[in-house]
Amino acid sequence: MKIAIADVPEASTGVSLELQSIDGINENISANTAIGTIRTQDPDEGDTFTYTFIDGTGATDNALFEIVGDSLRIKESPNFEAKNSYTVRIRSTNDQGGFIVDNSFSIAVKDINENPTDLSLTPQTIAENQPANTEVGTFSSVDPEGNTGTFTYTLVAGTGSDDNAAFTISGNRLLANGPFDVDANGAKTSYSVRVRTTDGQGLSFEKQLTVVVTPVNEDPTGIGLTSNQVDENVPNNTLVGNLLTTDPDAGNTFAYALVPGAGGDDNGAFTIVKNDTTNVYELRTNAPINYEAKTSYTIRVRTTDQGGLSFEQPLTVTVNDLVEAPDNQAPTDLSLTPSDILENSGDNAIVGTFSTNDPNPSDTAFTYTLVDGVGATDNAAFAIDVDPVTGVSSLRILSSPDFESDKKSYEIRVRTRDVGGLSTDKALTINVQDVNEAPTQVNLSNLQVQENVPANTAIGILTTDDLDKPATVFTYEFVTGAGSTDNNAFTIVKNSAGDYELRINASPNFETTTRPYEVRIKSTDGDNLSTETQIKINVTDINEAPTGITLTPDNEVDENVVPGTVVGNFQTTDEDDKATEKTDYKLVTGEGDTDNSLFTLTQDGQLSINTTPNFETKDTYTIRVEVADKGGLTFTDQVTIKVKNLDDSDPTQLNLSKREVEEKTGLNTPIGILTTEDPDENSTFTYTLVPGFKDNDAFTIERNANNDYVLILKNPADFDTKPTYDIKVRTTDNTGRSLEQEFPIKVNPVNEAPTKLELDNTELTENTTNPVVGKLITTDPDQSDTAFFYTLDAGFGDNAAFTIVGDTLQINAPPDFETKDSYNIRITSRDRETGGLSITQAFRITIKGVPEAPTALSLSANTVDENSPINTFIGTFSTKDDAGDTHTYTLTAGDGSEDNAAFEIVNNPINGNVELRIKVVPDVETKDKYSILVKTTDSTGRSLDQKFTILVNGLPEAPVITASTGTLSYTEGSGAIKIDPGIQVLDVDSPNLTGAAVTLIGYVPGQDSLGFTTQGAIQGSFDAATGILTLTGTATQAAYTAALQSITYTNSSSNPNTTNRTVRFTATDGTNTSNITSRPIQILATNTAPTIATSAGNLAYTENSGAVAIDPAIKVDDVDSPTLSSATIALDNYIAQQDLLSFNNLNNGITGNFDAATGILTLSGVASLANYQTALQSIQYTNLSSNPTLSDRVVRFSVTDGAATSNIASRSIQLLATNTAPVVTASSGILSYTENSAAIPIDVGLIVSDADSDVLRGQR
């Protein structure tokens, strides 16, 4: 007999997770990396499974993972330092039998070494002018592992490495290769380096760092004056010039004082005053200045910068000799230019400036005052101001003039007074000129419009208010701005009468208009002046007919209601305000009035039915309704009223399609579908759990995709704790009729896998002889499962090193921490000896080390550069010892400790490193290596001694360059002068130099230049763009010294910039650059006298020719002054009463005065070169005599710029006489002659004369 065994699906026994590495996953793996495979233990071969995350114990990190097939993937990149383990809870569902098994898993994150993440330099600044090898700061690194161990630092190429060559790294210190100077032309104030930090395992990080060079205040190097000349006879407190300082530091401010010392002999004749307006220090006179008594003064001045550094220098002030004027004479006239003012110029507007005619050329400064007298009517309306800079006096009106106020002119009386106190008065008239003024207001003749008027209706006429009379013609336009909201609703039209009308573009509606219309209109007069006005236009209301009626709440009435039941209330649609609009309703005949008789309608709109409606007999009614508003306007409409059918049957049966559930099926498991039996075929139903009934709280009712009502078990069922549920459900139809029914729900049991496997100890002490590691403990949801069977998974990790005896894990041999500090194993626990369900768990057994002595002591670096400063960093100590142990380091006596005293061991408080630092300045020529002995001691007191040799690196040393003391004084026009014939260059370790640079601080292109005399192999090149002279070529120190001593400074300008210059010298030996040395240059300007040139040839002047221009082509020039202050025209061979020089006053600031006693015409007043040339070209010669002296006259011209007088240019005048006829003059009256009288003289008083001849040649 053959018996066939039918295979039936069996429940899965366990679910496990096999990680790719038993001891966990590496930190920093990419997001979405597969980290392991999920396996299901199941008796049935070939079954397939679906894996999902579920809530419960161990589900903390479910959201951070995803399951793809049987692969577990992590959704984020893990970071050991942030989170060193994850826990997930996974469910395996058998695709064939639906069996489920759950398990939670712990996933360890393994720490791996990571690149440093940042580095810093502390500090990141260095003061300028520091020597080579000066420490900028020390480096420190940030590492994710919190590693404070040794890092190495190097300069590397890349972004931000522009200035790497300027620095060197020694240990963790950044050193400058040479001095920095922030004050030189083109100098840098910050440097960019790129640095790499590398940890002990070779991982690195690079970063761009900026080193800032901080300026150091330096002594001033020179003092100058903007002008070092002063005219004789000036009053006390006259400005000589402004004081200036040459200082290597840009932006410094200075204070000045007169101090005793060499060159300070005349300090008492001057004072230094700070101008509070310009913040400039001025040198002013403090005593009378007389050229005849003293031609120059010497003073000693100290300049002090804001940092307290100072410099002293003697200065020379030269006195200008002036032609001294004769006795003072009173002014002859004054004028105001302009003398008119525009109306509305504003309060305190300037009318014009005053000028005075005065016979004295030296009188150039006048004071003006308003005085009483004739013409002083309006003095109170004005004030006179004096410009503190130019000294010009101006007339200021106190209140803005208004032409329309009938005040069209003002009368004032002004007095001008010269410096000698002489004065003259004059009455002046100030005329007010009318100006057109802007309109002030736009008006509209009508500001309201009735609703419903046609589009394009004219609202009103636009007019404008304007102060100017008579009114001008205006144009109008819309503009944007406040009140322009409705501009687009209107149009401005000019009508046939020439008026501008405002027209509305569309018919207005009062009911839809929530506010007045707002427009903004601009009115512009004939001169394009305008005003804008916001205008509001109101819309007025008119009555309108209703447009509709509505029955509320709806056009429906239930069947079977009693007669008189209210169906609803009518409401009317009317554009007029419903709050004030009264309406009357009534039923009227016409289309749709079929059922009027079956209803009653009140006047206020309430509709009632007069009969009992029956849906089965009549399902609709029609009536005709009319409504009238308070103005008698009506609206009529047909209204249909529906009869509503009602329902009244109860449900009879409540059904549930399924009444059992498997345990552990998960959250929200569907049980069955609810249905209801009811006599009413069209009824619909809702379902609810009856509150408070037994197990109702464990369930809920929801609708599925087919709109069926489904009974849902909220949480997984557990047969062991509850094998059945009792519930009660209520069904309710659409009319509110209901039925309740009780149902039992049966729970079907299934076997469950263990959920947790634990080991009560995972740590062993090295060298232990006790083999027991710990006890294994299994957690299983089935209370009947109390015995479990444990196995080590063959071939996994370090499983071969362990054995399981019962529920005890044992190690097979004593562990050694130094050989292996941890073991990875994997164990499976089953709830049946054969078959059954299981759980697999990985464990790490850590070995605890016991203290042992250090085995090695190392120093990260053992070299130091010569000339390094005291406390220079050498290297960092580290000890090989038990992991995690701490160590102290000391210099100890013994073999190799000969040089211990030259060093010290320091704990770095920033990075925690223990550093070796040198306590002396090493010099390779004196000692090239040191020997020290160091002891390292661990936390248990165990120690190790180690000998170290420190080697000294020889370095090339920079040249030293020394300039002479003092300031070079350079006077304008001096040509090339050697800057420093005593400068010296020295280099202790190189016989030759390869180059030098000479930089001119304060360089002025086009003026300054540096010259150089070639010295053998040394070539020079001057850059006119930067002011830098570069020397190149390999030559001896002596040759370079001679080359630098030969360098010259030249200023080619005839009007040089007098700001002090500073010359800076550096030299290089090809490896290192020297210090910077400098010498200041003081530029002393000399005033170049103006020049004057007359035309060639003589002027021929014929007697009686009147006034003739002496030289219309005369020329004047001044290379360093744009203005002249006076001119002198002297007439040699001057004949009083005959010769006359005259001047055409062009009101250009120049006045003229002819001295008839000396024949000298003097022009005075500060004016431009062009104005003086025009004035000189206008000078005329006149001979007033009819018998002139015919000797030639010579006209000599000279001009002055206030400090120096020009050459004398002359032109001769040749006089040509003409013969003047004799003149016979008879006596007055009539001669009486008596007949027969003897001969008598006709005119005994007759006079005969001839202006140019004493001899007459005949008479008749």
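The values are calculated or read from the model by the stated rules, or taken from the named source; none is laboratory data. Quantities reported herein were computed from a predicted structural model and do not represent experimental measurements. Note that we place each Cβ from the backbone using ideal geometry, even for glycine, and neighbour counts take in every protein chain shown.
For residues that are more than 30 Å from Glu343 (Cα to Cα), loosely packed, with under 15 Cβ neighbours inside 10 Å and of a type in the set (D, E, K, R), tally how many sit in region 467-522.
Here the count works out to 4.
So which residues in region 677-716 are hydroxyl-bearing (Ser, Thr, Tyr) and farther than 22 Å from Val661 by Cα, if there are any at all?
Answer for region 677-716, where residues must be hydroxyl-bearing (Ser, Thr, Tyr) and farther than 22 Å from Val661 by Cα: Ser683, Thr684, Thr686.
Taking region 888-928 as the region of interest, how many residues are outside any loop (DSSP other than H, G, I, E, B) and closer than 24 Å to Tyr153 by Cα?
11
Is it the case that some residue within region 957-969 is touching a Phe, Trp or Tyr at 6+ places or on another chain (Cβ under 8 Å) and surrounded by fewer than 14 Cβ atoms within 10 Å (Cβ to Cβ)?
no
Does Asn237 fit the bill of being free of Cβ contacts under 8 Å to residues at least 60 places away in the same chain, exposed (fewer than 15 other Cβ atoms within 10 Å of the Cβ) and on the phi > 0 side of the Ramachandran plot?
yes
Run down Leu203, Leu209 and say which single residue is more than 22 Å from Ala1067 (Cβ to Cβ) and surrounded by fewer than 17 Cβ atoms within 10 Å (Cβ to Cβ).
Exactly one of Leu203, Leu209 is more than 22 Å from Ala1067 (Cβ to Cβ) and surrounded by fewer than 17 Cβ atoms within 10 Å (Cβ to Cβ), namely Leu203.
Which condition number in (1) surrounded by fewer than 14 Cβ atoms within 10 Å (Cβ to Cβ); (2) in contact (Cβ under 8 Å) with a residue 60 or more places away in the chain; (3) in contact with a Phe, Trp or Tyr (Cβ under 8 Å, 6 or more places away or on another chain) is the one that Val567 fails?
(1)
Tell me the strands (runs of 3 or more DSSP E) entirely within region 217-277 that contain at least 1 residues that are under 36 Å from the mean Cα position of the chain (by Cα).
Of the strands (runs of 3 or more DSSP E) lying wholly inside region 217-277, those with at least 1 residues that are under 36 Å from the mean Cα position of the chain (by Cα) span 239-246, 254-258, 270-275.
Right, Ile29: closer than 17 Å to Thr755 by Cα, in contact (Cβ under 8 Å) with a residue 24 or more places away in the chain and in contact with a strand residue (DSSP E or B) (Cβ under 9 Å, 6 or more places away or on another chain) or not?
no
Report, by residue number, each residue of region 390-441 that is under 53 Å from the mean Cα position of the chain (by Cα), assigned to a strand (DSSP E or B) and of a type in the set (A, V, I, L, M).
Leu395, Ile397, Ile430, Val432
In region 540-552, is there at least one residue being exposed (fewer than 13 other Cβ atoms within 10 Å of the Cβ), free of Cβ contacts under 8 Å to residues at least 60 places away in the same chain and not assigned by TED's automatic domain parsing to the domain that holds Arg515?
Looking for residues that are exposed (fewer than 13 other Cβ atoms within 10 Å of the Cβ), free of Cβ contacts under 8 Å to residues at least 60 places away in the same chain and not assigned by TED's automatic domain parsing to the domain that holds Arg515, one finds at least one in region 540-552, hence yes.
Return the residue satisfying two criteria in turn: it lies in region 1090-1109 and is in a loop (DSSP other than H, G, I, E, B) and touching a strand residue (DSSP E or B) at 6+ places or on another chain (Cβ under 6 Å), and of such residues it is nearest to Ser974 (Cα to Cα).
Once the filter is applied, the top-ranked residue is Pro1090.
Taking only region 288-321 into account, find how many residues are of a type in the set (A, V, I, L, M, F, W, C) and surrounded by fewer than 17 Cβ atoms within 10 Å (Cβ to Cβ).
Number of matching residues: 2.
Name, by its number, the condition in (1) β-branched (Val, Ile, Thr); (2) in contact with a Leu (Cβ under 8 Å, 6 or more places away or on another chain); (3) at pLDDT below 85 that does not hold for Thr834.
Unmet condition: (2).
Going by the conditions given, is Ala59 in a helix (DSSP H, G or I) and either in the same structural domain as Asp798 (by TED's automatic domain parsing) or at negative phi (or both)?
No.
Looking only at region 763-819, count every residue that is in contact with a helix residue (DSSP H, G or I) (Cβ under 8 Å, 6 or more places away or on another chain) and under 30 Å from Pro851 (Cβ atoms) and tell me the total.
Total satisfying the criteria: 3.
If I go through region 156-187 residue by residue, how many of them are within 29 Å of the chain's Cα centre (by Cα), modelled with pLDDT of 85 or more and either within 21 Å of Ala132 (Cα to Cα) or assigned by TED's automatic domain parsing to the domain that holds Ser1078 (or both)?
3
Kindly list the number of the only condition in (1) assigned to a loop (DSSP other than H, G, I, E, B); (2) closer than 24 Å to Asn867 by Cβ that fails for Gly97.
(2)
Among residues belonging to region 376-387 that are surrounded by 17 or more Cβ atoms within 10 Å (Cβ to Cβ) and of a type outside the set (A, V, I, L, M, F, W, C), point out the one that is nearest to Ala330 (Cα to Cα).
That would be Asn379.
Does region 351-378 hold any residues that are under 55 Å from the mean Cα position of the chain (by Cα) and part of a strand (DSSP E or B), and which are they?
If the condition is that a residue be under 55 Å from the mean Cα position of the chain (by Cα) and part of a strand (DSSP E or B), then Val351, Gly352, Thr353, Phe354, Ser355, Thr356, Phe366, Thr367, Tyr368, Thr369, Leu370 are the ones that fit.
Does region 287-305 contain any residue that is touching a helix residue (DSSP H, G or I) at 6+ places or on another chain (Cβ under 6 Å), more than 19 Å from Arg1061 (Cα to Cα) and in a loop (DSSP other than H, G, I, E, B)?
yes
Can you name every residue in region 1113-1142 that is under 19 Å from Ile1160 (Cα atoms), part of a loop (DSSP other than H, G, I, E, B) and either without any contact (Cβ under 8 Å) to a residue 60 or more places away in the chain or of a type outside the set (S, T, N, Q) (or both)?
Within region 1113-1142, Ile1114, Tyr1134, Ile1135, Ala1136, Gln1137, Gln1138 meet the criteria.
Results for (1) closer than 21 Å to Asp199 by Cα; (2) surrounded by 12 or more Cβ atoms within 10 Å (Cβ to Cβ); (3) in the same structural domain as Lys947 (by TED's automatic domain parsing), shown as yes or no for each residue.
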position: Ile874; (1), (2), (3): yes, yes, yes
position: Thr886; (1), (2), (3): yes, no, yes
position: Gly896; (1), (2), (3): no, yes, yes
position: Ala902; (1), (2), (3): no, yes, yes
position: Ile910; (1), (2), (3): yes, yes, yes
position: Leu916; (1), (2), (3): yes, yes, yes
position: Pro922; (1), (2), (3): no, yes, yes
position: Thr926; (1), (2), (3): no, no, yes
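Scanning region 65-112 for residues that are touching an Asp or Glu at 6+ places or on another chain (Cβ under 7 Å) and among the polar types (S, T, N, Q), which turns out surrounded by the most Cβ atoms within 10 Å (Cβ to Cβ)?
For region 65-112, the residue satisfying everything is Asn94.
Does region 639-652 contain at least one residue that is exposed (fewer than 13 other Cβ atoms within 10 Å of the Cβ), under 30 Å from Ser738 (Cα atoms) and hydrophobic (A, V, I, L, M, F, W, C)?
There is at least one residue in region 639-652 that is exposed (fewer than 13 other Cβ atoms within 10 Å of the Cβ), under 30 Å from Ser738 (Cα atoms) and hydrophobic (A, V, I, L, M, F, W, C).
Mind counting the residues in region 427-449 that are buried (at least 18 other Cβ atoms within 10 Å of the Cβ) and over 30 Å from Arg520 (Cβ atoms)?
3
Right, Thr117: in contact (Cβ under 8 Å) with a residue 24 or more places away in the chain, surrounded by fewer than 18 Cβ atoms within 10 Å (Cβ to Cβ), within 29 Å of Leu209 (Cβ to Cβ) and touching a strand residue (DSSP E or B) at 6+ places or on another chain (Cβ under 8 Å) or not?
So Thr117 passes the test.
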